[in-house]
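Comments concern the structure below.
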Amino acid sequence: MELLYLGGLMSVIPIKSDSNESAAPDGEQVPGAAWDLDDPSLYLNRELTWLAFNRRVLAEAEDDRNPLLERVKFLSIFDSNLDEFFMKRIGGLKHLARAGLSSPTIDGRTPQEQISQCESQVAEALADRAYIIKELLRLMGEEGIHVDSYENLDEDMRNKLRKRYRTSVVPLITPLAIDEAHPFPFVSNMSINLLLRVHDETEKEPHLIRIKVPISERTPRFLRIDGEDRFVALEEVIANNLDLLLPGATILSLGFFRVTRNAIVERDEESANDLLEMIEAELRERRFAPVVRLEVSPNLSNDLQQYLAKELGLSHREDIYVVPDLFGARDLMQLAGIDRPDLKFSRFEPASHPRLVNSPSIMAELDERGPILLKHPYQSFDNSVTRLLREAVADPFVLGIKTTVYRTSEDSAIVPLLVEAVTRGKQVAVVVELQARFDEAANIRWANRLEEAGIHVSYGVVGYKTHAKVTLIVRQKKSGKLRRYVHLGTGNYHAVTARQYCDLGLMISDKYIGADTSELFNLLTSGSLSGRRYRDMLVSPLGMKRALIKKIRRETRFQKKNNNGHIQLKTNALEDADITRELYKATRAGVKVDLIVRDSCRLRPGLPGLSESARVISILGRFLEHSRLYYFHNDGDEEYFIGSADLMTRNLVSRVEALAPIKDPALQKELREILDLQLADTVGAWEMDNAGVYRRLAPAKDAIHSQFEQIALSSTRASAPAPE
């Protein structure tokens, strides 16, 4: 598929390999019954569709409708995403390939085939990235923000930089020789390194030296020159001042390299005697995990590239990526943070929920006027979720608090409040997921702190990650009866991401949701799955997948009977083959299916006779779309669900997840507004065609960006008079 450009803006992103052509050419009518739903060509590949999503992120960096420093941020996110993709997805595929597993996935690809096709897609994306980096650096220069080459600095600037470097960085650097007496050193994941071939007059033969660039929060990647918005990459400063580290040595050659290590080093949880010790061991092993990618600068000679590959255990030339410009562009986030409001989106502060502005008590508000739907980041997390917990801690009639922790921020108010609650004599239980990828170390620290405070800490059910985001508050009424208050969300209890991710939350005191939530926590703390029954909530791994399939089939029946089948699914990913197959059966019967899928999506819409009634869009913008919202028309008795579960096999089968029904008509109206806005989006939306290709929608006369519309709506409603 040829890439098309409109003024440099990527408008078509292919995700489908030529090796898996459609069973029917575009436009050829195929009777619905003639489609073989086991045909691999009907199912797009998870990895390739995710890479297409990351290309859409890169397109945001190229889009001149975005402010300049926001474009720099999108470029940083693209690179950070790609790093994680190699660590998790390519690392996992390589693990399968090394194990000799060649069974194809539902889309017909073996692990090695997926690796090869991913490498091809990555190469195309990196070519686009090189152009975009060059353009963004040029535009930044025009705005007075310069990322200079050391060689282009005048003598005065070099002297100032050298002085700062000598006092602030040189003491942190450790040059390591590589020769007969010094074996090849350990190279840490994602580190930027110099590899030198040097000769000292006291030696007969040259030898190699490796220097790790000491990047940290206190030693940033880009050194600011003399207080101005002028920067030089730290590795360039090191490379041009080697005499401070190696006086008297002759530098024969110099190049840069960076490695990415596999993050998949999981042990057998069921055979572990201590889960905490097992996770700590995994973290230690991850530091030394196999290398899955080697990035090198063009000036690193071929023989040194091959030397590095051999020492790092890489056997394929395809694992070596020559980076012609900037290593680790994720570090550009430092520059995106420069205080230049004129080059960023206008300042945005989350509004308080209208019902909470004048309400003295959230729990009383829920009792008197019913449930509340929270829409982050448009509505404040601190003034709703954190406030609810703060009120519960201070309320002497609150007897118990239970919550889950999957990811939370280092400065989280949640953990200190839980500690305060137990000191006030309340029963507190926390389910901490120790295996939240890349947050394991932080969660171990939180777990230890909570246990030291006397809180009941559980690690969930053996063999299943706890991904549900839910809090239960138990309060005693004046009558002596207990009442349960629940918060269930689509996002983590993380105050930082609550300002960056689009998520939904439900606060409710309904007795059935309360009872289901109690049952969920009993499952999590006891580790026992058997015999659980839920009246309203859908919970995995027990019955969620089965229930969703049942609801899809119900829409098919109503379509055949009343011609009104309609399904709308907003999720981060549609990967589960069984759900995809059921959706194909529904669209084959004519059910209208709207899919708002952020990244990976297996279903191909618009296939004649099979999925003509399906539409697939992906929305990108200022905030990361993260909410899960599922709608079924149900012959007019409409059903809405929100919760933590994506439509992926891991979420539906291998994790503890929860979806809650939204039954209140006013809240359903709010959810309908969100779905309608997103489906009408003409700015942030990309639409998939029947070949699996995403195309950016051409803005209509009255362009709509759903995220900016929701910013305006939340601001307007927060300032409106509170209803009586």
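Each residue of region 484-495 was assigned a 3J(HN,Hα) from its phi angle through the Karplus expression (A = 6.51, B = -1.76, C = 1.60, θ = phi - 60°), giving 9, 10, 10, 10, 10, x, 8, x, 6, 7, 9, 5 Hz with x at Gly and Pro.
Histogrammed with a bin width of 10 Å, the alpha carbon distances of region 458-560 distribute as 13, 35, 34, 15, 3, 0 percent, first bin at zero. Among the trypsin sites (Lys or Arg not before Pro) in region 501-588, those placed in a DSSP loop whose Cβ has at most 11 other Cβ atoms within 10 Å are Arg533, Arg535. The fewest-to-most ranking of Val259, Val385 by surrounding Cβ atoms within 10 Å reads Val259, Val385. Ordering Ile225, Ile338 from the fewest to the most neighbouring beta carbons within 10 Å gives Ile338, Ile225. The lysines within cross-link reach of Lys163, meaning a Cα-to-Cα straight distance under 25 Å and a gap of 8 or more places when in the same chain, are Lys212.
In debye, nearest 20: dipole of region 83-215 around its Cα centre with unit charges on the Cβ of K, R (+) and D, E (-)?
That gives a dipole near 480 debye.
Between amide H atoms placed 1.01 Å from N, distances below 5 Å from Ile192 occur with Val213, all of them 5 or more places distant or on a separate chain. Computed from backbone phi with θ = phi - 60° and the Karplus coefficients 6.51, -1.76 and 1.60, the 3J(HN,Hα) list for region 608-625 is x, x, 10, 10, 5, 8, 9, 9, 10, 10, 10, 10, 10, x, 4, 10, 7, 5 Hz; x is used for glycine and proline. Ignoring lysines fewer than eight residues from Lys344 along the same chain, the ones with Cα atoms less than 17 angstrom from its Cα are Lys73. Here Asp635 and Asp382 are evaluated by their C-beta separation; at R0 = 41 Å the FRET efficiency comes out at 0.50.
By how many degrees, 0 to 90 and rounded to 10, does the Cα axis of helix 544-562 deviate from the longest principal axis of the chain? Rounded to the nearest ten degrees, it is 60. In debye, nearest 20: dipole of region 153-213 around its Cα centre with unit charges on the Cβ of K, R (+) and D, E (-)? Dipole of region 153-213, to the nearest 20 debye: 460 debye.
What you get for the chain, charging only the Cβ of Lys and Arg (+1) and of Asp and Glu (-1), is a dipole of about 2620 debye around the Cα centre. Neighbours of Asn522, meaning other residues whose beta-carbon lies under 15 angstrom from its beta-carbon, give a summed charge of +3 when Lys and Arg score +1 and Asp and Glu score -1. For GluC sites (Glu not before Pro), the sites in region 173-248 that DSSP calls loop and that have at most 10 other Cβ atoms within 10 Å are Glu180, Glu201, Glu217.
Residue by residue, region 627-643 carries 3J(HN,Hα) couplings of 6, 10, 9, 10, 10, 10, 5, 6, 6, x, 8, 5, 10, 10, 10, 10, x Hz when phi is fed to the Karplus relation 6.51 cos²θ - 1.76 cosθ + 1.60 (θ = phi - 60°); x denotes Gly or Pro. Of the residues Ile596, Pro665, Gly692, the one whose Cα sits farthest towards the positive end of the charge dipole of region 539-719 is Gly692 (charges of +1 on Lys and Arg Cβ, -1 on Asp and Glu Cβ, taken about the Cα centre). Taking 23 Å as the limit for the C-alpha separation, the pairs Lys551/Lys585; Lys375/Lys469; Lys375/Lys545 exceed it in the case of Lys375/Lys545. Residue farthest toward the positive end of the dipole of the chain, with Cβ of Lys/Arg at +1 and Asp/Glu at -1: which of Pro324, Val198, Val422? Result: Val422. Length gained on full extension, Gln427 to Asp578, computed as 0.36 nm times the residue gap minus the Cα-Cα distance: 50.2 nm. Dipole orientation for the chain: of the candidates Leu44, Ser149, Met544, Met544 has the Cα lying most toward the positive pole (charges on Cβ; Lys, Arg +1; Asp, Glu -1). Close amide H contacts of Ser380 (hydrogens built in the peptide plane, cut-off under 5 Å, sequence separation of 5 or more or a different chain): Ala351, Ser352, His353. FRET efficiency for Val496 and Phe186, Cβ-Cβ distance as r, R0 = 41 Å, nearest 0.05? FRET efficiency, Val496 to Phe186: 0.80.
For Arg293, the residues 5 or more places off, or on other chains, whose built amide H falls under 5 Å of its own are Thr260.
Values quoted throughout were computed directly from the atomic coordinates according to the rules given, and no laboratory measurement underlies them. Small disclaimer: the values here were computed from a predicted structure and weren't measured. All Cβ positions, even for glycine, are placed from backbone atoms using ideal geometry, and neighbour counts span all protein chains on display.
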